[in-house]
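Right, one structure below, let's go through it.
Computed from the coordinates by the stated procedures, all read-outs in this text should not be read as laboratory data. Just so it is clear, the model here is predicted, and its values are computed rather than measured. Counting neighbours? That spans all protein chains shown, and the Cβs are built from the backbone with ideal geometry, glycine included.
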Amino acid sequence: MRKQCLLALGGTLLFPLLSSPWVFAQHDAHRPWSSPEEAGWLYWLLAALVIGGLFLFALWALYWRGKEPEKPSTGRYHALGSLVVVMTLFTLALYLIVAFQAQSTPPSARAWDWTPGETLADPGGANLSGEPYRGYDVFLAQGCTYCHTLYLRPEDVVTGWGEGAKAEDVSQIGDFVNFPYALLGTQRDGPDLTLIGRKIPDMTYQMEHLRDPRKFKPKSVMPTYGYLSDRDLRDLAAFLVSLGNLPAELKAGQVKQPEPTTQDAAVQLGQSLYRSLGCVGCHTADGSASAGPTWKELFGKTETLADGSTALVDEAYLIESILAPGEKVVQNFGNFMPPYPQLSQEQLDGLVAYIKSLGGQ
Ligand code: HEC
Ligand code: HEC
């Protein structure tokens with residue numbers, strides 16, 4: 001009986017070992033399985049064996065039910081024991097094949113790639129340098145991940161949460177493979193930071209913002225991190241600057257500060273209301289289609305209304321559209337926009353300023 005058990009065990013171990021090269025050969029070795037169609041035929045053979053085995057086992061158990069011999073036969077218990085072992089190992093093998101496969105993801109072209117001790121000189125021009133790799137540890141230790149995510153979802157590009165992110169910026173698995181550990185985050189009390197280094201590649205700004213976020217964003221709920229040592233702040237800032245920039249470009253000093261935004265306060269208010277009031281759910285700012293008309297180049301255009309008449313989109317038209325959307329319904333759109341009579345004059349002006357900033361005459 002022991003011999004049989006050993007045989008079963010050996011067979012169980014041998015089978016996945018022998019079969020895994022075949023399974024790997026079924027795929028592009030660099031891509032983990034993401035849908036059942038991508039699994040190789042051997043995977044399904046293994047799965048069928050496990051399921052079929054369990055089915056036969058159930059039949060076998062049913063057959064013997066009520067037919068207990070007077071003295072329990074040890075042979076049957078041994079067979080039962082080896083069956084359990086075989087099934088467990090089969091299941092494990094199924095898991096391992098997938099797990100091995102999943103580990104073979106190569107870094108993407110823009111993968112975050114910093115090693116311990118490697119420093120980054122401030123692309124902002126100040127004579128600062130910091131260690132992005134160590135900064136990541138500070139990021140973890142300070143709990144930044146409680147409020148900030150480090151991945152961009154496809155929907156963030158559409159809803160505006162990606163703050164200017166384009167379709168090609170959406171995070172891929174390969175972007176993360178060089179991180180010593182993954183801190184993708186789940187909660188977004190603050191903005192996603194995937195591209196923060198591309199937006200503001202300036203360590204002085206990042207350190208100052210960490211020391212006192214309300215100096216720049218008066219209503220920020222982000223805690224102050226002025227208690228951190230200068231080195232921690234610099235490493236953290238270097239880490240932030242490393243996000244969204246190619247390491248090679250950063251090291252070669254090729255990352256330039258983007259043009260300072262000359263947005264006035266009204267546009268900024270409008271832009272934040274656009275998101276916080278949920279206009280973003282129905283209106284896009286980049287010309288793409290949504291439930292409502294896009295705001296891109298809306299100002300100054302002549303709108304055709306549902307009744308066939310036309311109206312010039314000026315400030316008064318915009319404000320009426322927000323306070324009483326049912327008054328003038330744009331052609332080819334439903335009359336379902338909620339009215340926003342609760343908005344103050346300042347908020348209305350902000351929204352109008354923001355819409356104007358998106359182009360048009
Ligand atoms: C309690 C939530 C919270 C925590 C914790 C937090 N933040 Fe923030 N963070 C915010 C909010 C809200 C904003 C948006 C307002 C602002 O810019 O201050 C923000 C903005 C930012 C920005 C963008 C600044 C800009 O000008 O666009 C950076 C960078 C940032 N945080 C980094 C960090 C780092 C690094 C940590 C950890 C040391 C951290 N945050 C911890 C809430 C948080
Ligand atoms: C539930 C979806 C929805 C939401 C939310 C929504 N809108 Fe609209 N909006 C529409 C639709 C549909 C139209 C076109 C029909 C109409 O004119 O009423 C429209 C039209 C408009 C227009 C006129 C556009 C044009 O081409 O003439 C403006 C301006 C406008 N909305 C502003 C806003 C603002 C500001 C907010 C947020 C405070 C907002 N909308 C929120 C659906 C929405």
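Figure the gain on full extension for T294 and S272 (residue separation times 0.36 nm, minus the Cα-Cα span) and round it to one decimal in nm.
Details: separation 22, 0.36 × 22 = 7.92 nm, distance 1.68 nm.
6.2 nm is the gain from fully extending T294 to S272.
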Legend entry - Exceeding the 24 Å Cα-Cα cut-off - candidates K166/K356; K219/K301; K215/K356; K199/K296; K215/K296: K219/K301; K215/K356; K215/K296
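Mind checking the dipole of region 120-251: about its Cα centre, +1 per Lys or Arg Cβ, -1 per Asp or Glu Cβ, Debye to the nearest 20?
Numbers: 14 positive and 18 negative charges, 63 e Å.
Dipole magnitude for region 120-251 comes out near 300 debye.
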Inset, instruction - Quickly work out the R231-to-A126 label distance, labels modelled 7 Å from Cα along the C-beta direction, and quote it in nm with one decimal. - result: 1.9
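What ranking of I51, I97, I355, I200 emerges when the number of other C-beta atoms within 10 Å of each C-beta is taken as an exposure proxy, fewest first?
On the way: I51 10, I97 21, I355 26, I200 18.
So the residues, fewest neighbours to most, are I51, I200, I97, I355.
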Inset, instruction - Rank these for me by crowding, D156, D286, going from fewest to most other beta carbons within 10 Å. - result: D286, D156
Inset, instruction - Using a/c under 1.5 as the rounded threshold, could you call region 116-193 rounded, prolate or oblate? The axes a ≥ b ≥ c are square roots of the C-alpha gyration tensor eigenvalues, and prolate needs a/b larger than b/c, oblate otherwise. - result: prolate
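Report the extension gain between I51 and V221 in nm, rounded to one decimal, defined as 0.36 nm multiplied by the number of residues separating them, less their alpha carbon distance. Spell out each step's value before the answer.
Working: separation 170, 0.36 × 170 = 61.20 nm, distance 5.36 nm.
So the extension gain works out to 55.8 nm.
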Legend entry - Point-to-point label distance, R110-Y77, nm (Cα→Cβ direction, 7 Å offset): 6.4
Inset, instruction - Using label points projected 7 Å from each Cα along Cα→Cβ, tell me how many nm separate E168 and R153, to one decimal. - result: 2.5
Legend entry - Isotropically averaged projected area of region 120-251, using the convex hull of Cα atoms (one quarter of hull area), nm²: 7.8
Inset, instruction - Please report W295, W44, W161 as a ranked list, fewest other C-beta atoms within 10 angstrom at the top and most at the bottom. - result: W44, W161, W295
Inset, instruction - Quick one: which residues, 5 or more positions from Y225 or on another chain, have an amide H under 5 Å from its amide H? H modelled 1.01 Å from N in the peptide plane, none for Pro or chain starts. - result: R211, D212
Inset, instruction - Can you check what the Kirkwood hydrodynamic radius comes to for region 183-300, Cα pairs only, in Å to one decimal? - result: 16.7
Inset, instruction - With a cut-off of 12 Å, note down the residues of region 310-326 whose backbone N falls inside the zone around a label point 7 Å from the Cα of T302 toward its beta carbon. - result: 310-313
Inset, instruction - Could you grab the relative contact order for region 99-207? Cα pairs under 8 Å, six or more apart, rounded to a whole percent. - result: 37
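Taking Rh as the Kirkwood radius computed over C-alpha pairs, what is the Stokes-Einstein D of region 164-229 at 10 °C in a medium of viscosity 1.306 mPa s, expressed in µm² per second? Working shown, then result.
On the way: Rh = 14.1 Å.
Answer, rounded: 113 µm²/s.
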Legend entry - Hz values of 3J(HN,Hα) by residue in region 46-55 - Karplus curve (6.51, -1.76, 1.60), Gly and Pro given as x: 4, 4, 5, 4, 5, 5, x, x, 5, 5
Inset, instruction - Would you compute, for the Cα atoms of region 265-357, the largest minus smallest coordinate along each principal axis and list the three values in descending order, in whole Å? - result: 37, 26, 23
